[in-house]
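Asker: The structure under discussion is supplied below as structure tokens; questions concerning it will follow.
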Amino acid sequence: MLHERDLFDESGQSTSTQPGAYRQLGISMGVANGDHMLSSSRFGTDKIGYSFAPTILLWFLFIGGIGIYNLIKYDTSVLRAFYPKYIVDYFKRNGKDAWISLGGIFYALQHETGTEAMFADLGHFNIRSIQLSFSFILFPSVSLAYIGQAAFLRKHPEKVSDTFYKSIPGPMFWPTFIIAVSAAIIASQAMISGAFAIISQSQKLGCFPRVKVLHTSKLYEGQVYIPEINFALGLLCVVVTFSFQKTTNIGNAYGICVTFVMVITTILLVIVMLLIWRVSIWVIIPFCLVFASIELVYLSSVLYKFKERGWLPIVTAIVL
């Protein structure tokens, strides 16, 4: 994805000679692109998906191919990182810093995969399509991309601030850049559609005020469009973009939000397992120990960024 860190250094200064111009251009483009996506939501998920799917497929093929190229060219020994002993050694060596870095790892995973939107998207696509696309396209491509970047950094550690674009082979830079920008714009559609689905379901349960719900598909009941929510999302996106400006700040809020979603989902699933499915407590306990323990560790890490604009999703949830 296109990150602000590829235009600005760690101190927030532009890597170009016109920092103010680039910053304002990026903010303006973000607002314009968000407005375009929200405006197109009324056409329905299926029509939007058919239009954008080829671009997303190209994006995954590009990052996967570049990852393989970097792995072979720079250092295949990075594959040893899959050995669990290195994980233990990493935490022994870095201590608190290793714990804090978990937030960045979790954010990177969620940012590239969009797994937090999958629960909502089950109302838009069948389970099998999500399983197949995640297992055979998304996961391999993203894994290869990160492995390739790790191999690249083994030879060029000084380029850690903008690894993705620096690791792209020269002739592939502009095609990849265009695809990356397009994919970043399209990726927001999953969350927009997910918001519509969640509000629609909440309204049926009597947990949300009455709003106008428009069904955009004759085949899938879950594909809906809600004009009022669309307008509210657009307004909030503009306010957050102009207020936070830096993707680092937005990323802190995003990480806390996504991790809380995972924890809450696990809690609700346990309730369903107990009261609806009548699952044995001896099955539920191992489930909680595995999933809840991992999620709580990540949550404790991302909460470290609470004061750095990470409070946004919590305050928003309280207001709602």
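Asker: Computed on alpha carbon atoms, what radius of gyration and Dmax characterise segment 205-320, expressed in Å?
Answerer: Both quantities, over Cα of segment 205-320: 18.1, 50 Å.
Asker: Calculate, for segment 202-320, the solvent-accessible area per residue in square angstrom, rolling a 1.4 angstrom probe over the heavy atoms of the protein chains.
Answerer: Values: 7870 Å² over 119 residues.
Roughly 66 Å² per residue, with all protein chains present.
Asker: When we measure straight from the Cα of LYS155, which lysines land under 16 angstrom away, once same-chain ones fewer than 8 places off are left out?
Answerer: Within reach: LYS73, LYS166.
Asker: Highest mean first, what order results for 308-314, 60-66 on Cβ atoms within 10 Å? Could you put the intermediate results ahead of the total?
Answerer: Working: 308-314: 17.1, 60-66: 19.6.
Peptide ranking by packing, descending: 60-66, 308-314.
Asker: If the cut-off is a Cα-Cα distance under 17 Å, which lysines reach LYS305, setting aside same-chain residues fewer than 8 apart in sequence?
Answerer: Partners within reach: LYS96, LYS246.
Asker: Heavy atoms only, 1.4 Å probe, whole protein assembly: order CYS207, CYS257 by accessible area, highest first.
Answerer: On the way: CYS207 100, CYS257 60 Å².
Correct descending sequence by accessible area is CYS207, CYS257.
Asker: So who's got an amide H within less than 5 Å of the one on VAL224, skipping anything under 5 residues away but keeping other chains? H placed 1.01 Å off N, in plane.
Answerer: Close amide H contacts, sequence-distant or interchain: THR216.
Asker: Determine how large the accessible area of VAL238 is when every protein chain is in place; take a 1.4 Å probe and give Å² rounded to the nearest 10.
Answerer: VAL238 has an accessible surface of roughly 60 Å² with all protein chains in place.
The values are calculated or read from the model by the stated rules, or taken from the named source; none is laboratory data. Computed from a prediction, not measured in an experiment: that's the story for all the values here. Cβ coordinates were reconstructed from backbone atoms using ideal geometry, including for glycine residues, and neighbour counts include every protein chain displayed. Just so you know, the surface numbers come from the protein's heavy atoms only, side chains and all, with ligands and any DNA or RNA stripped out. Shrake-Rupley method; radii C 1.70, N 1.55, O 1.52, S 1.80 Å.
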